[in-house]
1. Under a plain spin-label model, where a point goes 7 Å from the Cα along Cα-to-Cβ, how far apart in nm are THR169 and THR279?
2. Using a cut-off of 29 Å between alpha-carbon atoms, which lysines can reach LYS355, once sequence neighbours fewer than 8 places away in the same chain are excluded?
3. Cα convex hull of the stretch 51-210: how many Å³ per residue?
4. State whether the stretch 129-257 is rounded, prolate or oblate according to the following rule on the C-alpha gyration tensor (a ≥ b ≥ c being the square roots of its eigenvalues): a/c under 1.5 gives rounded; otherwise a/b larger than b/c gives prolate, and the remaining case gives oblate.
5. Within the stretch 56-95, what residues put their amide N at less than 14 Å from the label point 7 Å along the Cα-to-Cβ vector of ASN48?
6. Apply the a/c threshold of 1.5 to the C-alpha gyration tensor of the stretch 1-75 and tell me whether it is rounded, prolate or oblate.
7. Using a Gaussian network model of the chain whose springs link C-alpha atoms within less than 10 Å, name the residue from ARG352, ARG238, ARG221 with the highest mean-square fluctuation.
8. Between GLU161 and LYS240, take the C-beta separation as r, use R0 = 41 Å, and let me know the FRET efficiency to the nearest 0.05.
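Quick note: the coordinates plus some simple rules give every number you see, no bench work behind them. All values derive from a computational prediction rather than experimental measurement. Glycine also receives a Cβ, built like all others from the backbone with ideal geometry; neighbour counts cover every protein chain displayed.
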Amino acid sequence: MKKIAILTNGGDAPGLNAVIRAIVKTAEKNNVECYGFIEGYKGLLDNNFVKLDSKGNASGILNRGGTIIGTSNSTNVFNLKVVNEKGEVEYKDLSDVCVQNIKDDGFDCLFTLGGDGTQKSSRDFSLKGIKCIGIPKTIDNDVVATDVTFGYNTAVSVATEALDRLHTTAEAHHRIMVLEVMGRYAGWITLESAIAGGGDVALIPEIPYDINKVVEKIENRKAQGKQFSIVVVSEGARPKDGTITVKRTLNDGQGLDNIRLGGAGEKVALELEELTGLTSRTTVLGYTQRGGTPTSFDRILSTKYGVKAVELALQGIFNVLVTYKNGEMSYATLEEVVGENAKVGAASSNIRTIKMDDPLINVARNIGICLGD
């Protein structure tokens with residue numbers, strides 16, 4: 001190992017820079033040069049990269065949000081949307097350009113920092129002979145094979161603080177306060193923030209909700225003299241026999257998630273106001289959940305991920321995802337991460353969701369949180 005490259009892809013998450021810093025420092029300690037592709041797979045396609053140095057551009061970034069090398073969530077190089085000479089839209093597999101760039105640049109290993117879609121492409125590159133090591137990044141905490149992704153703890157902390165603040169105004173005005181948080185297919189942020197922030201209701205994608213069950217919970221609270229309620233809603237929550245609330249559909253290209261969610265919290269708030277007679281208000285946290293300073297937990301976890309990634313590379317262990325299981329750093333094959341979705345260039349569908357036997361579900365139910373079922 002003489003020369004390695006990093007890319008950060010997909011949505012940004014607190015802790016990305018901490019991972020980069022850890023990779024660079026560990027690489028330098030072992031006399032390995034480190035570079036970063038600019039804006040994820042887009043930079044890989046354009047062969048746009050910079051040298052990373054712990055005494056220069058990779059210094060002082062441990063506490064910074066975002067990513068110093070940029071990111072992209074609309075570049076699937078295996079099925080890229082392009083406009084041809086006739087002005088027509090078509091889709092091309094340009095992954096071989098990326099492969100040649102890596103070979104021409106002399107990189108011995110590519111470190112891919114991202115979620116399920118990023119790691120799907122990482123697996124696809126491994127099939128083309130590129131040595132890859134993935135590091136799981138998503139605030140949604142929905143990457144398989146690992147217990148905790150970096151960025152998740154920060155997101156839960158932001159949501160919990162929001163709930164603390166909403167409690168006071170909800171109680172003062174006798175209102176139902178609905179907080180919509182991120183979580184397209186998995187409700188980890190919703191469930192943990194509801195537990196930590198004293199939420200009365202938590203609606204998650206894994207449990208299609210019955211709005212009447214939520215009303216029943218709120219009415220029971222009113223009967224006990226509590227004239228306010230706190231409801232936490234995942235952006236991907238959906239009613240029984242209903243669908244997720246879609247804000248708009250994009251056309252960024254095939255193999256990408258082109259659906260933009262939005263409005264799940266407002267939908268719930270309007271229904272609850274009509275059914276209970278209590279004034280309802282909605283707060284959408286949106287991108288505040290994944291911006292800004294990472295928590296100390298995420299800084300430490302990110303550093304562990306980065307160090308372990310370089311250690312695996314030095315040991316000659318490639319085409320794997322670094323994992324955190326049962327308190328220990330380990331790894332799983334990228335094939336295991338991709339699961340049955342083996343088609344090259346397709347979107348990943350192997351997502352870690354909350355199972356009904358998860359201890360968090362039991363905890364929520366036992367402290368009286370309504371899950372809408």
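1. 1.1
2. LYS120, LYS137, LYS213, LYS217, LYS240, LYS247, LYS267, LYS304, LYS308, LYS325, LYS343
3. 201
4. Details: a/c = 2.59, a/b = 1.77, b/c = 1.47.
In terms of gyration-tensor shape, prolate.
5. Residues 69-75 qualify, since their backbone N sits under 14 Å from the label point.
6. Working: a/c = 2.22, a/b = 1.25, b/c = 1.78.
Oblate, since a/c reaches 1.5 and b/c is not below a/b.
7. Greatest mean-square fluctuation among the candidates belongs to ARG221.
8. On the way: r = 31 Å, r/R0 = 0.76.
Step by step, r from the Cβ atoms, then E = 0.85.
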